[in-house]
Every structure is written in C-alpha cells, then in structure tokens.
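We did not get these values from a lab; they are worked out from the coordinates using the rules stated. All figures in this text were calculated on a predicted structure; none of them were measured in a lab. In this analysis, Cβ positions are derived from the backbone assuming ideal geometry, glycine residues included, and neighbour counts consider all displayed protein chains.
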Amino acid sequence: MKSVYCLNPISNAGMSRFDDTYCIADSIENADAVLLRSASMHEMTLPDSLLAIGRAGAGVNNIPLDSCAKKGIVVFNTPGANANGVKELVIAGLMLASRDIAGGCHWVRENKDDPNIAKTAEKAKKAFAGNEIKGKKLGVIGLGAIGVLVANAASELGMEVFGCDPYLSIQNAVRLSHHITIVKDNDEIYNQCDYITIHVPALDSTKGMLNKRAFDQMKDGVKILNFARDILVNDADMADALASGKVSRYVTDFPNPAVVNMPGALVLPHLGASTEESEENCAVMAVNQIMDYLENGNIENSVNYPSCSLGYRKKASRICVCHYNRPNVISQLTSLFGEAGVNISDMVSKSRGEYAYAMFDVEAPVSDEFEKKLEAMENIIRIRIL
C-alpha cells in the first residue's frame with residue numbers, strides 16, 4: 001500500500017481519486033508522497049521513502065527543489081490549473097486600478113450614519129472618479145497559462161494589448177488572440193503602455209525586474225498589477241515611483257511590511273487562486289500526477305526532473321532511473337541489461353539541466369541482485385522497479 005501525507009488540507013475533489021491501494025498518513029515518516037499547497041518544506045527532514053511531492057498550485061518556492069532532485073524525489077506542480085481564478089482577479093485588479101472603487105466603498109462605510117447619505121454621496125463621488133479601460137494600452141509581461149488568459153480577456157474588453165515572452169510556447173501561442181501585439185522586449189511595453197501586468201516565475205533573472213530603470217521608461221501615471229510574485233518588484237523603487245506620481249496605482253496580491261504602507265498601493269491578501277474551483281482543479285491535477293508517477297513511473301509537470309512517459313505499465317517490469325545528466329549513463333545501463341540477459345522492449349530517456357530520467361520496459365521480472373548492480377552504478381541517484 002502506498003502512503004501519502006498531506007501538509008495542507010487538499011480538496012476532496014483530488015483526495016477522493018485515491019483508491020484502496022493508498023492510505024493517507026498521519027506523518028511524513030515512511031511516506032511515499034507528499035501533497036501540499038503553501039506549507040514550507042525547507043526546514044523539514046525528508047524520509048528516504050519519499051518518492052514524490054505534489055504542489056497543488058504553480059509556485060514551488062516553498063520546496064527545496066535541488067536537494068529533492070539529489071535524493072531522487074520528483075517535485076510536481078499544477079501549471080494552469082488555477083489560471084482562470086487568477087485571470088479573473090487580474091481583471092478585477094484592472095478595474096480597481098482604474099476607478100477608486102476601494103476608496104469609494106471606504107467612504108460609504110465611514111458615512112454610514114449620515115441620514116442624507118444618498119445626497120451627500122452625489123457631492124462626494126467626484127473624489128473617486130476614474131477612467132475606463134476600453135481603448136487603453138495594456139502590457140502583459142509573461143504569456144504563460146495566466147498571461148494568455150489575461151491578454152485575451154483584456155482584448156475582449158476593448159483594450160489594446162501588447163504581450164512579451166521570449167519563451168512563448170507553441171501551445172500558448174496558438175491560444176493567444178490574433179488581436180494581441182507581440183513585442184520583442186519588455187522595454188517596448190514600458191515605453192507605451194498605460195497598464196502593465198506581470199506574469200513570470202520568480203527566478204534570479206526576474207527578481208526585482210520592475211525597478212527604477214523600468215519605471216523611468218514608463219509613462220507618467222502608469223498603473224501596475226502584480227499577481228505573480230512579490231519579489232518581482234523592487235519595493236523601495238516602487239515606493240519612490242508612487243510618491244513621485246510616475247506610478248499612479250500599484251495593485252498587488254502580496255502583502256508585506258513595505259507595500260502595505262505605500263500610499264497608492266492597493267494590496268490584496270493573496271487571493272489569486274483562492275476559489276473553490278481553482279483549489280479543486282489543482283488538487284485533481286496534483287493527485288493524478290502523483291498516482292501516475294507512483295504506479296507507472298511517468299513524469300508530467302515536474303519542476304526538478306524532465307517530463308518523461310511510457311504510458312500505462314503493461315510489461316512484466318518497468319525500471320525507472322533518476323540519474324545525473326552525464327555522458328554514457330544510458331549506454332552503461334543498457335550494457336548492464338545485456339550482460340544480465342534482460343531484454344528491453346521499450347525505453348525513453350530525457351534530461352533537464354543537471355538531472356535526467358530514464359524508463360525501461362522489460363520482458364521479464366528482474367532479480368534483486370540485478371537491481372543492486374543498477375544502484376551501484378556511477379551517477380545513479382535512484383532506481384525504482386515497478
């Protein structure tokens with residue numbers, strides 16, 4: 001029986017997919033897999049039994065990816081499962097940035113005891129007037145699952161949309177409306193857009209990318225939305241840009257001590273994927289990926305190992321190998337198979353950076369002695385016989 005431990009509550013839409021060959025563990029000790037949302041694993045001691053981690057969401061900053069890879073623990077996330085929930089909140093963010101809805105609601109609450117509030121409101125409402133988004137220019141930085149949905153929705157609302165993503169996939173390019181103008185770099189977006197929304201992962205190359213240099217290129221009064229990661233924006237530079245009027249409104253889904261004290265910042269409590277539908281979609285996707293890996297050895301949507309699949313396991317044995325991406329590993333493996341008289345009916349091998357993954361379907365069960373020989377090979381991280 002396979003053991004799964006949950007670090008956070010996971011929607012029953014996903015958990016109900018586990019059959020009676022799985023048990024839900026009370027602790028991580030001896031667990032085969034872990035499911036989580038936002039809990040941090042950086043300080044945790046991971047058991048030798050652990051094979052996989054499923055993050056019900058896209059961000060994986062809460063998981064020690066490299067140390068997991070070195071132990072042969074495959075980490076999965078669920079890209080796109082919460083994309084619609086985030087997209088809808090970004091569209092709401094556009095409205096909040098354009099019209100002082102939040103300020104108006106606050107005024108009404110402050111004046112709730114005024115018996116003539118309707119008449120008073122007619123005089124006060126000019127303080128909360130704003131602009132329509134139709135006809136305005138929106139720049140979308142990052143055209144992944146969320147960015148494409150945001151770009152298409154904004155175009156349908158009448159905005160002139162510009163998108164930039166040097167790593168735009170064929171799949172997302174096909175989904176992108178032909179009304180979207182693709183530009184070659186972010187500077188073009190900075191120079192001409194009235195609104196800018198950012199949808200890129202948190203990497204060394206993107207950390208603090210919205211900084212003084214970027215702000216200096218933007219239109220005066222630009223409105224910026226950040227529903228991706230807080231560290232993409234340099235907080236000190238944003239505070240200065242808001243104070244000077246270069247940025248007229250900053251809408252972010254990531255509260256921290258700096259941003260909550262910035263005049264002109266509208267800060268939400270990380271609501272992006274906080275919908276029942278998003279949580280269900282993420283849970284189902286994470287559980288499906290974990291089950292496919294544990295039962296068939298297939299990898300889809302891993303963030304530390306390559307995607308790799310041989311479909312459903314049909315042969316007598318499937319040998320799954322996590323290894324370092326070094327020359328001759330595959331040839332050494334197949335040579336060992338030949339020496340042991342193990343016939344390979346199908347195989348696949350993929351690499352991703354420093355790590356690689358190989359799968360072999362073989363015609364007959366293999367011995368414990370043969371498994372030990374595989375494990376003893378140089379550059380092998382983990383062997384699984386299914």
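Rg and Dmax of the stretch 148-240, both derived from C-alpha coordinates alone, stand at 13.3, 39 Å. If only the Cβ of Lys and Arg carry +1 and only the Cβ of Asp and Glu carry -1, the dipole of the chain around its Cα centre is close to 960 debye.
For the stretch 83-267, the relative contact order works out to 18 percent when only alpha carbon pairs closer than 8 Å and six or more residues apart are counted.
Between Lys212, Lys137, Lys119, find the one with the highest GNM mean-square fluctuation for the chain; connect C-alpha pairs within less than 10 Å. Greatest mean-square fluctuation among the candidates belongs to Lys119. Take every pair of alpha-carbon atoms less than 8 Å apart whose residues are at least six positions apart; their mean separation over the length of the stretch 306-386 yields a relative contact order of 45 percent.
For the chain, a Gaussian network of Cα nodes joined below 10 Å ranks Arg326, Arg109, Arg17 by mean-square fluctuation, and the top entry is Arg109. Restricting the calculation to alpha carbons of the stretch 306-386 gives Rg and Dmax of 11.7, 32 angstrom. Here the ratio of the Cα radius of gyration of the chain to 2.2 N^0.38 Å is 1.20.
Restricting attention to the chain, close to 40% of DSSP beta bridges with both partner residues there are antiparallel.
What are the lysines whose alpha-carbon lies under 26 Å from the alpha-carbon of Lys212, with same-chain residues fewer than 8 places away excluded? Within reach: Lys136, Lys137, Lys184, Lys223, Lys246. Here the convex hull built on the C-alpha positions of the stretch 47-141 has a volume of 173 cubic angstrom per residue. Which parts of the stretch 193-234 would a label at Asp240 reach, counting a residue when its backbone N lies under 11 Å from a point 7 Å out along Cα-to-Cβ? Taking a point 7 Å out along Cα→Cβ of Asp240, the residues of the stretch 193-234 whose backbone N falls under 11 Å are 211-216.
Residue-wise HN-Hα couplings along the stretch 50-56, as the Karplus relation 6.51 cos²θ - 1.76 cosθ + 1.60 with θ = phi - 60° gives them from phi, are 5, 9, 8, 10, x, 9, 7 Hz; Gly and Pro carry x. Within the chain, the longest segment free of exposed loop sites, counting GluC sites (Glu not before Pro) that fall outside DSSP classes H, G, I, E and B and have at most 10 other Cβ atoms within 10 Å, spans 44-377. Among the chymotrypsin sites (Phe, Trp or Tyr not before Pro) in the stretch 289-386, those located in a DSSP loop and surrounded by at most 14 other Cβ atoms within 10 Å of their own Cβ are Tyr312. Taking 0.36 nm per residue of separation and subtracting the current Cα-Cα distance, fully stretching the chain between Tyr312 and Asp185 would add 41.5 nm. For the stretch 83-267, what does the convex hull of the Cα positions come to per residue, in cubic angstrom? Given the Cα convex hull of the stretch 83-267, per-residue volume reads 123 Å³.
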